[in-house]
1. Among 126, 73, 83, 59, which is the only one that is closer than 30 Å to residue 196 by Cα, buried (at least 24 other Cβ atoms within 10 Å of the Cβ) and in contact with a strand residue (DSSP E or B) (Cβ under 8 Å, 6 or more places away or on another chain)?
2. Those residues that are assigned to a loop (DSSP other than H, G, I, E, B), free of Cβ contacts under 8 Å to residues at least 60 places away in the same chain and either in contact with a Lys or Arg (Cβ under 8 Å, 6 or more places away or on another chain) or not acidic (Asp, Glu) (or both), I need them from region 216-261; list them, please.
3. Just to be sure, is residue 205 assigned to a helix (DSSP H, G or I), assigned by TED's automatic domain parsing to the domain that holds residue 268 and surrounded by fewer than 21 Cβ atoms within 10 Å (Cβ to Cβ)?
4. Among the candidates 239, 243, 268, 263, which residue alone is buried (at least 24 other Cβ atoms within 10 Å of the Cβ) and not aromatic (Phe, Trp, Tyr)?
5. Scan region 76-83 and tell me whether some residue there is out of contact with any Gly (no Cβ under 6 Å at 6 or more places or on another chain) and closer than 14 Å to residue 61 by Cα.
6. Filter region 22-57 down to the residues that are in contact (Cβ under 8 Å) with a residue 24 or more places away in the chain and of a type in the set (Asp, Glu) and list them by number.
7. Residue 8 fails exactly one of the following numbered conditions: (1) out of contact with any helix residue (DSSP H, G or I) (no Cβ under 6 Å at 6 or more places or on another chain); (2) acidic (Asp, Glu); (3) touching a residue at least 60 places away in the same chain (Cβ under 8 Å). What is the number of that condition?
Amino acid sequence: MRTYLCFDFGGTFIKYAVIAEDETIVMQDKFPTICDDYDAFTANIRRIYEEHCDVSGIAISMAGVVDVDTGYAYTGGAITCLAERNIAEEFSRLCGGLPVSIENDAKAAAYAELVSGALKDCNNGAVIVIGTALGGTVIVDRKILRGTNLFAGELSYVYYSNEHMTDREFGDCPRKHEKNGRGLFTDRCTPKRICQIYSALTGKETDVTECPAVFERAKQGEGQAMTAIRTVCHDLAMLIFNLQCVIDPDVTAIGGGISNDELFIQILQEETAVYADHIVPGAPSPVVTVCKYGSSANLLGAYYAHRNRFE
């Protein structure tokens, strides 16, 4: 039975798995990401390949704007050393000439959910993958929408506010705002943001790796922890509601490691309902669910995309 080496290039960890052609995950592991040193990054990939060199192909899920047809990555998200490279060609040479495919990470997750997961019965849908940043995918008529510039679904760049802008003049009306971050949803809807809010509320330095501990404290009744989580869910709910107004999906599925926590999904559903309660009667309320494959969705989706491309 053929097997495939699948990678999910995340900004914090690189996850990898060997997946058999019957979709069985043979093994799965991860290691820390090196974001700014291409030689060190590829050395790790080569090391993993040498441990599993009997595979039939390599499938990659990664952040950024990527061309699945040519294998070129215009951007690499947090992994800056991957930008402006033909990843498929370079990694094929690195790994014994094997066929290599690349797919945007959020679109890979959506692919898995569309084929056999939370969106398998949907005609239109959306997937939001929460990690170091926000990944997004829009599905229309059971096809992934990529857009003219391969930019469709790039939710990391959606604005929630323009208060970050400097002074601007509109005719005789001045607009004066203090600089306030970038004004992007990706800065407000991630585990890192939960930890930042928790730190501000408690005065305790809290690293993103401690996010699971914040959730445990919320479950034990700690108010500051619950406030941090609910604040981020409220902002994410705004994005979900905006998507509902634009593409009207059957379902919006949430992926990424944080989606494995039932408390997060519960609060997100509650906060999404808050927005729905404030619109005109008869408007649809978003249906929010968790991706079936959770934190494995990117790996499985990369596998599906690879098989679809080469076989």
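The values are calculated or read from the model by the stated rules, or taken from the named source; none is laboratory data. It should be emphasised that the depicted structure is a prediction, and the values quoted were computed from it without experimental measurement. Cβ placement follows ideal geometry from the backbone for every residue including glycine, while neighbour counts extend to all protein chains displayed.
1. Checking each option against the conditions leaves just 126.
2. As a first pass, look at region 216-261 and keep what is assigned to a loop (DSSP other than H, G, I, E, B): 220-222, 248-250, 256, 261.
After this cut, where a residue has to be free of Cβ contacts under 8 Å to residues at least 60 places away in the same chain as well, the list is 220-222, 261.
The answer is 220, 221.
3. no
4. Values: 239 fails: buried (at least 24 other Cβ atoms within 10 Å of the Cβ); 243 fails: buried (at least 24 other Cβ atoms within 10 Å of the Cβ); 263 fails: buried (at least 24 other Cβ atoms within 10 Å of the Cβ).
Unique residue meeting the criteria: 268.
5. Yes.
6. 23, 36, 37, 54
7. Looking at each condition in turn, residue 8 falls short on (1).
For every residue, the table says whether it meets (1) in contact with a Ser or Thr (Cβ under 6 Å, 6 or more places away or on another chain); (2) in the same structural domain as residue 42 (by TED's automatic domain parsing); (3) polar (S, T, N, Q); (4) modelled with pLDDT of 90 or more.
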residue	(1), (2), (3), (4)
77	no, yes, no, no
88	no, yes, no, yes
96	no, yes, no, yes
101	no, yes, yes, yes
115	no, no, no, yes
133	yes, no, no, no
140	no, no, no, yes
156	yes, no, yes, no
161	no, no, yes, no
